[in-house]
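Presented below is the structure to which this report refers.
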Amino acid sequence: MRIPMRSHQRSSVNKEMNALKKKKTPIWKNPVFYLSILMVVVVAFLFFQIVKLNLLPNTLVGIIGIVLLIFIVLTILFGLVLGRSRKGFRIFGIILSIVLIGTSCFGSYYLMNANGALDRIASDSNYDRHTIQLYAVKHSSLNSEKDLNGQIIGILKNNQRTYVDKVIKQLKADKDIKFTTKTYDSSVELVNDFLGQKIDCMMIDASNLSIMEEMDGRQDIRSEIKSIYKYTYYVKKADTSSTADVTSDAFTVLISGSDSRGSINETSRSDVDMLVTVNPKTHVVLMTSIPRDYYVETTCEASMGCGNGEKDKLTHTGLHGIDTTEMTIEKFMDMDINYHVKVGFSTLSNLVDELGGITVNNPQSFSTGNYSFQQGNIELNGEQALAFARERYSFTEGDKERGRNQMRVLTGILNKVMSPSILKNYQGIMSTLADSFQTNMDTDDISALVKEQLSSKASWKIYTTSLDGTTGTAYCYELGDNASVVFPDDNSISEAKTNIQAVEHGEDPPYASQS
């Protein structure tokens with residue numbers, strides 16, 4: 001005889017049967033399963049980006065990996081295991097998954113941008129970009145190459161003649177334009193005749209305008225002329241790098257400050273030239289400033305188009321690329337330079353701002369433009385740091401004191417960069433440098449340097465020194481005329497070499513001052 005089930009008994013059985021059915025639901029039919037897969041993928045990608053960044057100590061990377069793994073396990077436990085029987089656990093697991101996915105996506109985006117910027121910085125394009133420009137005076141009726149028939153174009157004897165002649169041939173033969181050319185030995189004579197309208201146009205490598213701006217009364221030449229035709233060409237760089245184990249071996253870097261108004265790939269005068277020698281074992285940095293007007297023998301490969309063996313200002317070597325500047329310094333210093341860094345002036349201002357400002361020890365008060373700098377330790381933002389580093393007319397030693405101030409600014413930057421605080425805005429710093437900072441040091445070496453510093457947290461001793469010389473006047477090959485120069489002091493060069501060798505051998509530089 002069957003005993004009928006009471007209603008509350010039937011209800012309890014039904015609940016148990018429903019729960020059993022839920023337990024038997026295949027896992028792949030659970031939406032949380034796919035959310036968990038997505039979470040694992042994005043978290044794994046985040047960890048991959050952390051490893052690729054290669055900045056954090058291995059121990060810290062391992063800890064981050066373990067923490068991420070724990071979160072993944074907890075999310076799966078609450079969302080898929082415990083959550084199958086309890087709704088509260090499932091909701092908690094879903095929330096945790098969403099938080100991990102969002103955090104990992106944001107972190108991956110941040111790190112991808114940082115890694116991409118680092119790759120661009122270390123790309124050091126194999127070619128320098130040059131532009132041959134055909135200029136007319138601003139009020140001229142000449143507006144394009146079609147207006148050149150019957151005109152006279154002035155060119156320079158020593159200014160990238162291979163490419164200037166190519167443009168002339170192209171205009172005459174390919175475009176059937178008839179004009180005459182007049183060759184000048186001197187840039188001064190060319191500019192005077194051009195602006196005085198004794199000739200109709202001038203054709204030069206655009207980077208030479210920076211030389212012409214140094215002439216008396218020609219500071220505003222760019223506002224008096226217009227470009228009516230241009231031809232862009234590329235020159236292959238020389239391979240000047242000499243690699244070192246930057247975490248254990250001493251190495252020297254040439255820092256060249258470009259005054260280019262365009263892309264960092266464009267050639268221009270090297271307005272700042274500084275050797276930075278680093279010994280990672282003793283944690284010593286030596287900065288050696290070289291006057292921009294140092295009168296030296298230009299050294300380069302034939303393809304660079306410079307006057308190899310000709311005497312000129314060091315700043316003019318930059319017109320043929322940083323490799324020419326590097327090779328020239330290596331010759332008169334009789335040394336090897338491992339790497340080079342080329343920076344635009346805009347880099348300095350933006351970098352200092354990204355670092356949150358810097359502290360500089362200023363030995364004497366001075367004013368320039370809208371800024372006044374007091375004696376002592378001063379805080380500088382980006383624009384102030386740029387003005388501080390560029391001023392030279394306020395000092396009796398002029399360009400030499402400017403070089404010292406540039407080293408003081410670099411010291412302030414290094415003090416910030418060498419601290420763990422760099423990680424707070426690493427992506428912003430890398431993005432700032434990417435478009436106006438270029439080096440032939442590869443990404444692995446850059447990452448290794450930062451990683452080593454973050455691991456050791458060692459303090460660095462920073463020394464500074466400057467090459468000396470006497471001011472005079474001499475013929476400058478690129479200008480094709482006489483100009484103010486600084487004749488090198490051999491004793492100064494000898495002491496600088498001794499300083500560099502001392503740092504390389506783990507000793508303090510005897511002829512340098514500690515910052």
Next item on the list: Provide the per-residue ³J(HN,Hα) series for region 471-487, in order, calculated from phi with Karplus coefficients 6.51, -1.76, 1.60 and θ = phi - 60°, each as a whole number of Hz, with x at glycine and proline positions.
Entry: 7, x, 10, 7, 6, 10, 4, 5, 6, x, 7, 6, 7, 6, 9, 10, 7
Next item on the list: Please give the per residue volume of the convex hull enclosing the alpha carbon atoms of the chain, rounded to a whole number of Å³.
Entry: 225 Å³
Check: Which shape class, rounded, prolate or oblate, goes with region 202-243 when its Cα gyration tensor gives a ≥ b ≥ c as root eigenvalues, a/c under 1.5 marks rounded, and past that a/b bigger than b/c marks prolate?
Finding: oblate
Next item on the list: Using amide H atoms built 1.01 Å from N in the peptide plane, name the residues 5+ places from Gln151, or on other chains, whose amide H lies under 5 Å from its own.
Entry: Thr180
Check: How big is region 49-199 by the Kirkwood estimate over distinct Cα pairs, in Å?
Finding: 22.3 Å
Checklist line | Value of [θ]222 nm, deg cm²/dmol, for the chain, DSSP H segments ≥ 4, -39500 (n - 2.57) each, nearest 500 | finding: -13000 deg cm²/dmol
Item checked: Solvent-accessible heavy-atom area per residue, rounded to whole Å², over the chain at 1.4 Å -> 49 Å²
Notebook entry, point to check: Share of region 304-381's accessible area from carbon and sulfur, percent, 1.4 Å?
Noted result: 38 percent
Check: So how far, in whole Å, is the C-alpha centre of region 272-294 from the one of region 145-185?
Finding: 43 Å
Next item on the list: Convert 20 °C to kelvin, take the viscosity as 1.002 mPa s, use the Kirkwood radius over C-alpha pairs of region 236-359 as Rh, and evaluate the Stokes-Einstein diffusion coefficient in µm²/s, rounded to a whole number.
Entry: 141 µm²/s
Next item on the list: Scan around Val485 for amide H atoms under 5 Å from its own, H built in the peptide plane at 1.01 Å from N, and keep only partners 5 or more places away or cross-chain.
Entry: Gly472, Thr473, Ala474
Item checked: Ratio Rg/Rh [Cα only; Rh per Kirkwood] for region 355-408 -> 0.92
Notebook entry, point to check: Cross-link list Lys157/Lys311; Lys230/Lys313; Lys331/Lys416; Lys169/Lys331: which exceed 25 angstrom alpha carbon to alpha carbon?
Noted result: Lys230/Lys313; Lys331/Lys416; Lys169/Lys331
Margin query: At a 4.7 angstrom Cβ threshold, list every cysteine in the chain that has nobody to pair with, or say none.
Written below: Cys105, Cys201, Cys476
Note to self: Let's test this: bin the Cα-Cα distances of region 152-223 at 10 Å from zero up to the farthest pair and state each bin's percent.
What the structure shows: 19, 52, 25, 4
Item checked: the chain: antiparallel DSSP beta bridges as a percent of all, rounded to 5 -> 70 percent
Next item on the list: Using only alpha carbon positions, build the gyration tensor of region 394-477, then give the equivalent ellipsoid semi-axes as the square roots of 5 times its eigenvalues, largest first, whole angstrom.
Entry: 33, 17, 13
Check: If you take the beta carbon distance between Met335 and Glu452 as r and set R0 to 30 Å, what does 1/(1 + (r/R0)^6) give as a FRET efficiency, to the nearest 0.05?
Finding: 0.80
Next item on the list: Please compute the Cα-Cα pair-distance distribution of region 113-176 with 5 Å bins starting at 0, giving whole percents from short to long.
Entry: 3, 12, 18, 18, 13, 8, 6, 9, 9, 4, 1
Next item on the list: Could you state the angle between the C-alpha long axis of helix 58-76 and the longest principal axis of the C-alpha atoms of the chain, as a value from 0 to 90 degrees rounded to the nearest 10?
Entry: 40 degrees
Next item on the list: Sum up the charges of everything whose Cβ sits under 10 Å from the Cβ of Glu310, counting Lys and Arg as +1 and Asp and Glu as -1, but leave Glu310 out.
Entry: -2
Next item on the list: Would you calculate the separation in nanometres between label points at Leu60 and Ser513, each defined as 7 Å from the Cα along the Cα-to-beta-carbon direction?
Entry: 3.5 nm
Notebook entry, point to check: What is the extension gain from Leu74 to Thr471, computed as 0.36 nm multiplied by their sequence separation minus the C-alpha to C-alpha distance, in nm to one decimal?
Noted result: 135.6 nm
Notebook entry, point to check: What is the distance, in nm, between label points placed 7 Å from the Cα along the Cα-to-Cβ direction at Lys281 and at Ile98?
Noted result: 5.7 nm
Checklist line | the chain: angle of helix 7-23 to the longest principal axis, Cα-based, in degrees nearest 10 | finding: 30 degrees
Checklist line | Neighbour net charge for Arg408 - beta-carbon separation under 11 angstrom, K R +1, D E -1 | finding: +1
Notebook entry, point to check: Relative to the present Cα-Cα distance, how much length would full extension add between Asn491 and Glu214 at 0.36 nm per residue of separation?
Noted result: 96.8 nm
Note to self: Less than 14 Å Cβ to Cβ from Val51, Lys/Arg counted +1 and Asp/Glu -1: what total charge do the surrounding residues give?
What the structure shows: +1
Notebook entry, point to check: For region 36-126, what mean projected area does the convex hull of the alpha carbons give, in nm²?
Noted result: 6.4 nm²
Item checked: By average C-beta atoms within 10 angstrom, highest first, the peptides 179-185, 302-308 -> 302-308, 179-185
Check: For Ser303 and Ala44, what is the calculated FRET efficiency with R₀ set at 35 Å and r taken between the beta-carbons, to the nearest 0.05?
Finding: 0.15
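The values are calculated or read from the model by the stated rules, or taken from the named source; none is laboratory data. Being a predicted model, the structure only gives us computed values, none of them experimental. Positions of Cβ are backbone-derived with ideal geometry, glycine not excepted, and every protein chain shown enters the neighbour counts. For accessibility, only protein heavy atoms count, side chains too; no ligands or nucleic acids. Shrake-Rupley method; radii C 1.70, N 1.55, O 1.52, S 1.80 Å.
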